[in-house]
Amino acid sequence: MLVLPKPLAEELVAHCRRQYPKEACGVLAGQQGRITRLYPMRNVEDSPIGYSMDPKEQLQVEKAMRQAGQQMVGVYHSHTASEAYPSSVDVSLAISPDISYVLVSLKKPDAPVIKSYRIEDSRVLAEELRLD
């Protein structure tokens, strides 16, 4: 289970809306499945159908997390025209079965949908996401 405090959920959706119609992306930091901070990242693909995080920016975020005693608990990105479900590209790019993959669907911009998954050996597993 992944716990996302409501203020951070609002921040997450706001970041995705600001980047619309391009995909937004970022890192989720915290401890033991509880998100305590978002690190919005620049989508270097600058695309409505894909995302890629800047490696230099990722290193800065990793340093900031280490200094704050945080761990990467997940990554997030938005889908601008499809459901909040990992695409085949998302699955192929998954870096670890130990982190959460949070997707925000803006298919209906006035009603965003946030869902979380684990991806293990190309299998997509729904993960309970609790807004706290």
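For the reader, a short list of remarks on this structure follows.
- The lysines within cross-link reach of residue 115, meaning a Cα-to-Cα straight distance under 25 Å and a gap of 8 or more places when in the same chain, are 6, 22, 107.
- The calculated FRET efficiency for the pair residue 122 and residue 45, based on their C-beta separation and a Förster distance of 22 Å, comes to about 0.50.
- Binning the C-alpha pair distances of the chain at 5 Å intervals from 0 yields a P(r) profile of 2, 12, 22, 25, 23, 13, 3, 0 %, listed from the shortest bin outward.
- Taking amide hydrogens as placed 1.01 Å from N in the peptide plane, the amide H of residue 24 sits under 5 Å from those of 78, each at least 5 positions away in sequence or on another chain.
- Neighbour-count ranking [beta-carbon atoms within 10 angstrom, fewest first] of 95, 114: 95, 114
- Where a label projected 7 Å from the Cα of residue 17 along Cα→Cβ would reach, residues of region 106-125 with amide N under 18 Å: 106-115
- Each helix, a run of at least 4 DSSP H residues, gives -39500 (n - 2.57); summed and divided by the residues of the chain, these come to -7500 deg cm²/dmol at 222 nm.
- Fluctuation leader among 44, 73, 13 - the chain, Gaussian network, Cα springs under 10 angstrom: 44
- Residue order, fewest to most surrounding Cβ atoms within 10 angstrom, among 41, 65, 1: 1, 65, 41
- Within the chain, percent of DSSP bridges classed antiparallel, to nearest 5: 70
- Under the convention that each Lys and Arg Cβ holds +1 and each Asp and Glu Cβ holds -1, the size of the dipole of region 2-131 around its Cα centre is about 360 debye.
Here, each number is a calculation from the coordinates, and none is a lab measurement. From a predicted model like this one, the values you see are computed outputs, not experimental measurements. We place every Cβ from the backbone using ideal geometry, glycine too, and count neighbours over all the protein chains shown.
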